[in-house]
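Okay, structure first, notes after.
The values are calculated or read from the model by the stated rules, or taken from the named source; none is laboratory data. Here the structure is a predicted model, which is why all the values come from computation and not from measurement. Here the Cβ is made from the backbone with ideal geometry for all residues, glycine too, and neighbour counts use every protein chain on show.
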């Protein structure tokens, strides 16, 4: 069995620990590796990299022992591990500002590159990074996990089966209340750099990268957008208990007009209290039916099941609008979305399987987020350059 060594940089954060390390790599190790298309399997050997020695040791020893019954390697010497001939893949999920330096170290040492998004905060920098990977001939990929969420997969199935008829509009609602950390027993759930633009934070640069590939995959390319961004909470408390000024947008609202003529509306906020089915919901309305997908579940309403409401504010609403929606059953066993893409990338590296979710596709997401920032700043519609290379 072939073994792939993965240098995992920046997985001490919540997302890196839970999704990439525990639920992806350790889960793959627990299953005995990844099955290859021609038969056989490839095993994985992670090496955790970072600056926090105690946190690295905890993940590599305590967490690994609990999950797989053995410890894994760790190191604070990032350069030595990346340059080690035994290292095959360099993965980065650190802060956006650090990403280019880690990716370039990997390129210089001819390692395959896999990283979180956004790959940069500026589109020119992002495309430059993608071009450097391509020129060096290293295999590369960027995380686009939402494509494999169970709810999104169910939406895609409905689309492919023609359930919607002609798609008329799409509406996405995303976000939840991120505590500022200024109240007793209500610590913040996200790192402070997320709310400082000088450190690469911001709702648009974070989430519009996701909306770009999600909309493009499900409904087609965006032709133009009109966006607005706000900083709703002007101050928060950082990890050391000190107050800081928020300089990044924590809420962003956009209209996306697709090349097909379909209108998409996405609201994204870290300053909203959830009263909907999930933290992310995507509603698709069509001539023959509608669907609302959350992270895992999906509800449908066909034309035949659509109620006939009458506007009358003088009486209590007689219709239960949830009652006529039908929850879709699971069509298969849905694995973790991050793990699915990890397996695809490992097969790409080892067996050469197709992997279109490259750093160039990640750069397109950054360009999309930059277009949103331009639209919000200049208060105008911005055309999306879908031919940029």
*Options 354, 364, 373; residue that is under 22 Å from the mean Cα position of the chain (by Cα) and not in a helix (DSSP H, G or I)*: 354
*Name the pairs: first residue in the range 310-321 and touching a residue at least 12 places away in the same chain (Cβ under 8 Å), second residue part of a loop (DSSP other than H, G, I, E, B) and surrounded by 10 or more Cβ atoms within 10 Å (Cβ to Cβ), Cβ to Cβ under 6 Å, at least 6 apart or on different chains?*
319/307; 319/309
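Just to be sure, is residue 103 surrounded by 13 or more Cβ atoms within 10 Å (Cβ to Cβ), modelled with pLDDT of 95 or more and not assigned by TED's automatic domain parsing to the domain that holds residue 201?
Values: surrounded by 13 or more Cβ atoms within 10 Å (Cβ to Cβ): yes; modelled with pLDDT of 95 or more: yes; not assigned by TED's automatic domain parsing to the domain that holds residue 201: yes.
Spelling it out, residue 103 is indeed surrounded by 13 or more Cβ atoms within 10 Å (Cβ to Cβ), modelled with pLDDT of 95 or more and not assigned by TED's automatic domain parsing to the domain that holds residue 201.
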*Within the bounds of the range 132-140, is there any residue that is under 25 Å from residue 336 (Cβ atoms) and either touching a helix residue (DSSP H, G or I) at 6+ places or on another chain (Cβ under 9 Å) or assigned to a loop (DSSP other than H, G, I, E, B) (or both)?*
yes
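I'd like the full set of residues that are in contact (Cβ under 8 Å) with a residue 60 or more places away in the chain and within 17 Å of residue 146 (Cα to Cα), limited to the range 345-362. Full working, then the answer.
Pass one, the range 345-362, residues in contact (Cβ under 8 Å) with a residue 60 or more places away in the chain: 345-351, 353, 355, 357-362.
Scanning the range 345-362 gives 345, 355, 357, 358, 359, 361, 362.
Got a number for residues in the range 34-87 being outside any loop (DSSP other than H, G, I, E, B) and more than 14 Å from residue 21 (Cβ to Cβ)?
Narrowing the range 34-87 to residues outside any loop (DSSP other than H, G, I, E, B): 34-35, 41-49, 53-68, 73-75, 78-83.
Of the ones still in play, those that are also more than 14 Å from residue 21 (Cβ to Cβ) are 34-35, 41-43, 53-54, 75, 78-83.
Qualifying residue count, the range 34-87: 14.
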*Residue count, the range 42-56 (criterion: surrounded by 15 or more Cβ atoms within 10 Å (Cβ to Cβ) and over 26 Å from the mean Cα position of the chain (by Cα))*: 0
*asked:* Being out of contact with any strand residue (DSSP E or B) (no Cβ under 7 Å at 6 or more places or on another chain), farther than 21 Å from residue 96 by Cα, surrounded by fewer than 21 Cβ atoms within 10 Å (Cβ to Cβ) and free of Cβ contacts under 8 Å to residues at least 40 places away in the same chain is the requirement here; does residue 387 meet it?
replied: yes
*Identity of the residue in the range 132-164, farther than 29 Å from residue 113 by Cβ and surrounded by fewer than 16 Cβ atoms within 10 Å (Cβ to Cβ), that ends up nearest to the chain's Cα centre (by Cα)*: 157
*Among the residues of the range 276-297 satisfying the criterion of being assigned to a loop (DSSP other than H, G, I, E, B) and more than 22 Å from the chain's Cα centre (by Cα), which is farthest from residue 327 (Cα to Cα)?*
287
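Take the range 229-238 and flag every residue that is closer than 26 Å to residue 213 by Cα and surrounded by 17 or more Cβ atoms within 10 Å (Cβ to Cβ). Outline the logic, then answer.
If we filter the range 229-238 for residues that are closer than 26 Å to residue 213 by Cα, which is where we start, we get 229-231.
If the condition is that a residue be closer than 26 Å to residue 213 by Cα and surrounded by 17 or more Cβ atoms within 10 Å (Cβ to Cβ), then 229, 231 are the ones that fit.
Residues of the range 298-328 being in contact with a helix residue (DSSP H, G or I) (Cβ under 6 Å, 6 or more places away or on another chain) and either exposed (fewer than 10 other Cβ atoms within 10 Å of the Cβ) or part of a loop (DSSP other than H, G, I, E, B) (or both), which ones?
From the range 298-328, those in contact with a helix residue (DSSP H, G or I) (Cβ under 6 Å, 6 or more places away or on another chain) are 298, 328; that's our starting set.
Residue satisfying the conditions is 328 alone.
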*Looking at 365, 352, 372, 294, which is the one that is crowded, with 21+ Cβ neighbours inside 10 Å and more than 15 Å from residue 143 (Cα to Cα)?*
372
*Does any residue in the range 157-174 that is assigned by TED's automatic domain parsing to the domain that holds residue 253 and over 19 Å from residue 326 (Cβ atoms) come within less than 7 Å, Cβ to Cβ, of a residue that is at pLDDT below 95 and part of a loop (DSSP other than H, G, I, E, B) six or more places away or on a different chain, and which pairs are these?*
none
